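Enquirer: Sending over a structure as structure tokens; questions will come in a sec.
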Amino acid sequence: MEDTCLRVRSLVAALILLAITSLGVRAQETAGEFLSDLHEFRVNNYMALDAYYRFSANGDTDTLNEIVVGINAANDAMNTIIASTTGILSPEQIEGLNQEFDRFKNLMRSNINDVRNTGYPDLRLASDMANQAVTMNDMATELYQVAQESSQTETKPRVEAARSAAVKMAQMMAKYSARTNSSVSQTFQGSATEKALDEQAREFDQLLATVMRGDSGADLKDVMEDISSKWEFIRGSYINYNERNVGFVIDRYSKGILQGLATTIELLQNNA
């Protein structure tokens, strides 16, 4: 029991120390890497949010670790963006996003501590965090579009569709997790400004179709077939989100799709 408590305290301490600049930040990066970091920032924040919703219901240490991993990955991406020498975004734009991220991290830390101390979430704080997540990720998406349209960047349509699909999947996963793990899911997901899950799922259909359209080598074809198979298995649960479904299965397959999309992006980028 004492070992478990020490482990939990260590994980929360890791979350508290996220403001420290990560070691190994690239001193210089290309415009393409800058877009990649903005993409990773968005995806990993939603991954952390998904893990928090599950943690709020079970208080599990392994789930807490998932939150820390997601926030750490987003923090690493943010630090690299701050250190970038590309000049694609202004210092003011980057600092604005960093400030929104700081607010999100502070709210995440407070919400984690509430669950640890009381065994259940503070609904006001959970609502504040959900709304902050929407604000932060909307800003990140706007800045991504600004960076994408910069004359310094050249992107492939299928890569951009795969990135958009990954962000959409991570967003859906977090929203579904909120519904699954709370009887008052409206408070958890910033749903006043977000599209319904069925609408997001149909948008994912279109993005996935764009990714799959075009020439593909054997490796890419295998990965995309695996993504398509996993999506076919859980698509109905996202479309009919009010029906009773097995949350952990949806979460596992959604993560599998995210991993497949990450591989797809890598293969498409390496393809001449």
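The values are calculated or read from the model by the stated rules, or taken from the named source; none is laboratory data. Everything numeric here is computed off the predicted structure, so don't read it as measured data. Heads up, the Cβs are rebuilt from the backbone with ideal geometry, glycines too, and the neighbour counts pull from every protein chain shown. To get the accessible areas, we keep the full protein, side chains included, count just its heavy atoms, and leave off ligands, DNA and RNA. Shrake-Rupley method; radii C 1.70, N 1.55, O 1.52, S 1.80 Å.
Enquirer: Keeping every protein chain in place, order K255, K195 by accessible area at 1.4 Å, biggest value first, i.e. largest first. Intermediate results must be reported in sequence, preceding the final value.
Expert: Values: K255 50, K195 95 Å².
Output order, biggest surface exposure first: K195, K255.
Enquirer: Whole Å is fine, so just give me how far the alpha carbon centre of segment 192-244 lies from that of segment 124-152.
Expert: Answer, in whole Å: 22.
Enquirer: Before I look further, what does segment 124-165 give for accessible area per residue, probe 1.4 Å, in whole square angstrom?
Expert: 47 Å²
Enquirer: While we're here: Highest first, please rank the peptides 37-45, 105-113 by the mean number of other Cβ atoms sitting within 10 Å of their residues. Mind dumping the intermediate values first?
Expert: Details: 37-45: 23.3, 105-113: 19.0.
Ranking the peptides 37-45, 105-113 by packing returns 37-45, 105-113.
Enquirer: Continuing with this model, one more query. Using θ = phi - 60° and the Karplus form 6.51 cos²θ - 1.76 cosθ + 1.60, what ³J(HN,Hα) does each residue of segment 169-177 get, whole Hz, x for Gly and Pro?
Expert: 5, 4, 5, 4, 4, 5, 5, 5, 4
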